[in-house]
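Derivation of every value follows stated rules applied to the coordinates shown; laboratory data play no part. Everything quoted here is computed from the prediction, not taken from an experiment. Every residue, glycine as well, gets a Cβ built from its backbone with ideal geometry; the counts of neighbours run over all protein chains shown.
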């Protein structure tokens, strides 16, 4: 099973994509300029073209993961369009949903989108 490792930091987005024998297929280091959703979506689309297998293991680390560890719920966030995702996140923030829960919802949305397509 192929593996995708993602590290989302304060200003950078790094990823590595390995085959089932842990050989490097693809990697990149990007300054996301605060637009994590855009770059994550682009990478997922690229990996979907490369990936010949039906299953993939995705691991997320970095400053994002430290927030997600504290999440207590998973709010619903659209994962197919970054505009809808942003709108959902703004609404959740206005409703007082904690940042870590919103980030957890975003991660679930992106994985859900990957599985659907």
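Compute the acute angle (0 to 90°) between the alpha-carbon long axis of helix 36-50 and the principal axis of greatest extent of the alpha-carbon atoms of the chain; round to the nearest 10°.
30 degrees
For helix 82-94, report the angle its Cα long axis makes with the longest principal axis of the Cα atoms of the chain; keep it between 0 and 90° and round to the nearest 10°.
Taking Cα atoms only, the helix is inclined about 40 degrees.
Mind running the shape call on the range 64-117? Use the C-alpha gyration tensor, a ≥ b ≥ c as the square roots of the eigenvalues: rounded below 1.5 for a/c, prolate if a/b tops b/c, oblate otherwise.
Verdict is oblate for the range 64-117.
Going by C-beta contacts inside 10 Å, put 18, 24, 4, 106 in order with the fewest on the left.
Fewest-to-most ranking of 18, 24, 4, 106: 24, 18, 4, 106.
Can you divide the C-alpha Rg of the chain by 2.2 N^0.38 Å and report the result to two decimal places?
On the way: Rg = 14.2 Å, N = 117, 2.2 N^0.38 = 13.4 Å.
Ratio of Cα Rg to 2.2 N^0.38 Å: 1.06.
What's the angle, to the nearest 10 degrees (0 to 90), between helix 99-116's Cα axis and the longest principal axis of the chain?
Rounded to the nearest ten degrees, it is 40.
List the relative contact order of the chain as a percent without decimals, with contacts defined as Cα pairs under 8 Å and 6+ residues apart.
24 percent
Which one of 105, 34, 79 has the biggest mean-square fluctuation once the chain is modelled by GNM with Cα springs under 10 Å?
34
Mind checking which of 100, 21, 73 has the largest fluctuation in a GNM of the chain, springs on alpha carbons under 10 Å?
21
Among 90, 68, 102, whose mean-square fluctuation peaks in a Gaussian network model of the chain (Cα, cutoff 10 Å)?
Highest fluctuation of the listed residues: 90.
Assuming R0 = 25 Å, what is the FRET efficiency of residue 20 and residue 82, from their Cβ-Cβ distance, to the nearest 0.05?
On the way: r = 31 Å, r/R0 = 1.23.
That gives a FRET efficiency of 0.25.
Looking at the chain, what % of its DSSP beta bridges pair antiparallel, to the nearest 5?
Around 65 percent of the beta bridges assigned by DSSP in the chain are antiparallel ones.
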